[in-house]
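Student: I am attaching a structure below and will ask some questions about it afterwards.
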Amino acid sequence: MRRFAILWVWAFGLLAWAFPVWLLWTTPEDPAYLQRVPALLASAKSEVLVALSDLRAYPDGATDPLLQALRRAREQGATVYVLVERTAGALAPEQREAENLLKSWGIAVRGDNPEITLHAKFLVIDGRFVVVGSTHWTKTALTRSVQVDLVLDCPELASVFRAFFFLLWEGRKAQAKLPEGPWPMPALLPLLDLPDSLLHAQVLSRLLGQAQREVQLLAYQVVYYPQYPESPSTKLLALLAQGAARGWRVRALLEGGEGIAEVAESNRLAAAWLWTQGAEVRLDPAGVTLHAKVVLIDGQHILVTSANWNYASLAKNVEAGVLFLGAPELAGLLAQRFQELWERSRPLP
């Protein structure tokens with residue numbers, strides 16, 4: 001168990017302590033999130049906070065383990081709040097069914113501001129555990145996708161995510177900013193992005209600018225906007241290209257976008273451009289949705305997040321992630337999983 005400093009995006013204070021971290025690497029063959037998170041939710045005694053970009057209930061019960069775990073937590077006396085993304089359009093039948101079920105069990109459910117996209121996916125349990133990453137509660141996400149989430153047992157970190165949750169729940173505004181450097185190592189930085197705060201873009205720009213030898217990227221969507229060179233994702237891709245030109249090994253593993261024309265088109269354009277700049281690029285195995293969002297840098301630094309590399313995620317959405325600085329053990333575990341998926345994936349034609 002290593003000791004990490006934690007940097008809070010809304011404060012200048014620096015804290016340090018030891019805490020355990022569990023990796024949830026979900027695949028169709030090993031639905032890790034669905035196998036492990038329900039028990040954690042059902043063990044709650046005081047409070048459960050759920051923020052999701054999508055939440056559904058199905059006739060075949062695909063999400064029932066999670067929904068029933070919230071019910072058990074409520075029956076044990078825990079207060080349960082569920083915040084979900086809300087658009088101006090009507091709810092899908094599966095979304096309406098999930099919300100109606102939760103409300104019937106005495107669970108507080110609220111949609112976010114329709115003018116803001118809640119793309120974050122995180123849980124806070126008993127002011128102690130945080131679950132954060134790429135998984136929302138749909139059948140595809142839980143059983144047919146590659147997802148990456150982390151479970152962190154850290155009350156101090158939970159307090160940061162709890163404050164962020166109620167900021168969103170109450171619809172309050174805040175000024176998000178990064179702590180001043182230099183940042184210590186090892187350290188953990190919660191990246192809790194609000195519209196126009198650009199925290200993910202700033203942190204990735206800083207880390208890529210300091211990288212020395214290797215970058216590995218797992219992403220559902222990466223968009224290269226050649227007509228907008230100042231767009232956050234275009235600038236990040238330019239940093240990858242500069243690194244490849246300096247001799248880094250840059251590998252990007254992207255979703256192929258089968259059946260989703262927008263994702264297929266954007267990822268193939270970004271992949272082709274990166275390849276011309278000297279990066280290695282592959283598309284995920286056919287029939288599997290790569291929904292994870294992970295960046296590994298120099299075998300030391302890890303970002304696990306809900307944010308894609310596109311303008312909406314990096315500039316306008318509500319996103320949530322965690323950045324580990326100086327964590328070679330966790331980086332090594334993720335790098336091993338990356339390599340396994342890389343070997344099964346498709347080189348560019």
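The values are calculated or read from the model by the stated rules, or taken from the named source; none is laboratory data. In this text, all values refer to a predicted model and were calculated from it rather than measured experimentally. Please note: Cβ atoms are built from the backbone with ideal geometry, for glycine as well, and neighbour counts cover all protein chains shown.
Student: How many residues are hydrophobic (A, V, I, L, M, F, W, C) and surrounded by fewer than 16 Cβ atoms within 10 Å (Cβ to Cβ) when one looks only at region 164-196? Walk me through how you get there before you give the answer.
Tutor: Keep residues of region 164-196 that are hydrophobic (A, V, I, L, M, F, W, C), which gives 164-169, 174, 176, 178, 183, 185, 187-189, 191-192, 194.
When the remaining residues are screened for being surrounded by fewer than 16 Cβ atoms within 10 Å (Cβ to Cβ), the result is 166, 174, 185.
Count: 3.
Student: Right, another one. Is at least one residue of region 197-209 in contact (Cβ under 8 Å) with a residue 60 or more places away in the chain, farther than 17 Å from residue 232 by Cα and crowded, with 17+ Cβ neighbours inside 10 Å?
Tutor: Checked against the condition, which is being in contact (Cβ under 8 Å) with a residue 60 or more places away in the chain, farther than 17 Å from residue 232 by Cα and crowded, with 17+ Cβ neighbours inside 10 Å, region 197-209 yields no hits at all.
Student: Ok, one more. Restricting to region 263-302, count the residues that are among the aliphatic types (A, V, I, L, M), more than 23 Å from residue 211 (Cβ to Cβ) and outside any strand (DSSP E or B).
Tutor: Quick first cut of region 263-302, residues among the aliphatic types (A, V, I, L, M) only: 263-264, 269-272, 274, 279, 281, 283, 286, 288, 290, 292, 294-297, 302.
Adding the requirement that they be more than 23 Å from residue 211 (Cβ to Cβ) leaves 263-264, 269, 283, 286, 288.
Subsequent filtering for residues that are outside any strand (DSSP E or B) retains 263-264, 269, 286, 288.
Result for region 263-302: 5.
Student: Moving on. Can you confirm whether residue 61 is in a loop (DSSP other than H, G, I, E, B), at pLDDT 95 or above, in contact with a strand residue (DSSP E or B) (Cβ under 9 Å, 6 or more places away or on another chain) and on the phi > 0 side of the Ramachandran plot?
Tutor: Working: in a loop (DSSP other than H, G, I, E, B): yes; at pLDDT 95 or above: yes; in contact with a strand residue (DSSP E or B) (Cβ under 9 Å, 6 or more places away or on another chain): no; on the phi > 0 side of the Ramachandran plot: yes.
In short, no.
Student: Which number in (1) of a type outside the set (Lys, Arg); (2) within 22 Å of residue 74 (Cβ to Cβ); (3) outside any helix (DSSP H, G or I); (4) in contact with a Phe, Trp or Tyr (Cβ under 9 Å, 6 or more places away or on another chain) marks the one condition that residue 94 misses?
Tutor: (3)
Student: Another question, then. Sort out which residues of region 303-316 are crowded, with 24+ Cβ neighbours inside 10 Å and either part of a strand (DSSP E or B) or in contact with a His (Cβ under 9 Å, 6 or more places away or on another chain) (or both), and write them in order of number. Give the steps one after another, and end with the answer.
Tutor: Filtering region 303-316 down to residues crowded, with 24+ Cβ neighbours inside 10 Å leaves 304-310, 313-314.
Across region 303-316, the qualifying residues are 304, 305, 306, 307, 308, 309, 313, 314.
Student: Can you give me the number of residues within region 222-240 that are in contact with a helix residue (DSSP H, G or I) (Cβ under 7 Å, 6 or more places away or on another chain), in a helix (DSSP H, G or I) and either farther than 11 Å from residue 309 by Cβ or hydroxyl-bearing (Ser, Thr, Tyr) (or both)? Quick ask: steps written out before the conclusion?
Tutor: Initial filter on region 222-240 (in contact with a helix residue (DSSP H, G or I) (Cβ under 7 Å, 6 or more places away or on another chain)): 222-225, 228, 231-233, 235-237, 239-240.
Narrowing further to those that are in a helix (DSSP H, G or I): 232-233, 235-237, 239-240.
Now narrow it down to the ones that are either farther than 11 Å from residue 309 by Cβ or hydroxyl-bearing (Ser, Thr, Tyr) (or both): 233, 239.
Result for region 222-240: 2.
Student: Sticking with this structure for a sec: Look at residue 256 and say whether it is within 21 Å of residue 31 (Cα to Cα) and under 20 Å from the mean Cα position of the chain (by Cα).
Tutor: Yes; evaluated as a whole, the condition is true for this residue.
Student: Let me ask another. With under 25 Å from residue 25 (Cβ atoms), among the hydrophobic types (A, V, I, L, M, F, W, C) and in contact with an Asp or Glu (Cβ under 9 Å, 6 or more places away or on another chain) as the only criterion, which of 67, 52, 83 stands out? If you could, list the steps in order and put the result at the bottom.
Tutor: Details: 67 fails: in contact with an Asp or Glu (Cβ under 9 Å, 6 or more places away or on another chain); 83 fails: under 25 Å from residue 25 (Cβ atoms).
Step by step, each of 67, 52, 83 is checked, and only 52 is under 25 Å from residue 25 (Cβ atoms), among the hydrophobic types (A, V, I, L, M, F, W, C) and in contact with an Asp or Glu (Cβ under 9 Å, 6 or more places away or on another chain).
Student: Does region 321-349 hold any residues that are among the charged types (D, E, K, R), surrounded by fewer than 16 Cβ atoms within 10 Å (Cβ to Cβ) and touching a residue at least 24 places away in the same chain (Cβ under 8 Å), and which are they? Even if it seems obvious, please write down each step before you answer.
Tutor: The initial filter retains those residues of region 321-349 that are among the charged types (D, E, K, R), namely 329, 337, 340, 343-344, 346.
Okay, now just the ones that are also surrounded by fewer than 16 Cβ atoms within 10 Å (Cβ to Cβ), so 329, 340, 343-344, 346.
Passing the criteria: 329, 344, 346.
Student: A follow-up question, please. Taking the residues in region 28-58 that are part of a loop (DSSP other than H, G, I, E, B) and among the small types (Gly, Ala, Ser) as candidates, determine which candidate is surrounded by the most Cβ atoms within 10 Å (Cβ to Cβ). Walk me through how you get there before you give the answer.
Tutor: Just the residues of region 28-58 that are part of a loop (DSSP other than H, G, I, E, B), to begin with: 28-31, 43-46, 53-54, 56-58.
Keeping just the survivors that are among the small types (Gly, Ala, Ser) gives 43-44, 46, 53, 57.
Numbers: 43: 16, 44: 25, 46: 13, 53: 22, 57: 22.
The residue in question is 44.
Student: Can you list residue pairs whose Cβ atoms sit under 8 Å apart, with the first residue in region 103-116 being free of Cβ contacts under 8 Å to residues at least 40 places away in the same chain and the second being exposed (fewer than 13 other Cβ atoms within 10 Å of the Cβ) and outside any loop (DSSP other than H, G, I, E, B)? Count only pairs 6 or more apart in sequence or on different chains.
Tutor: Correct list of pairs: 105/75; 109/103.
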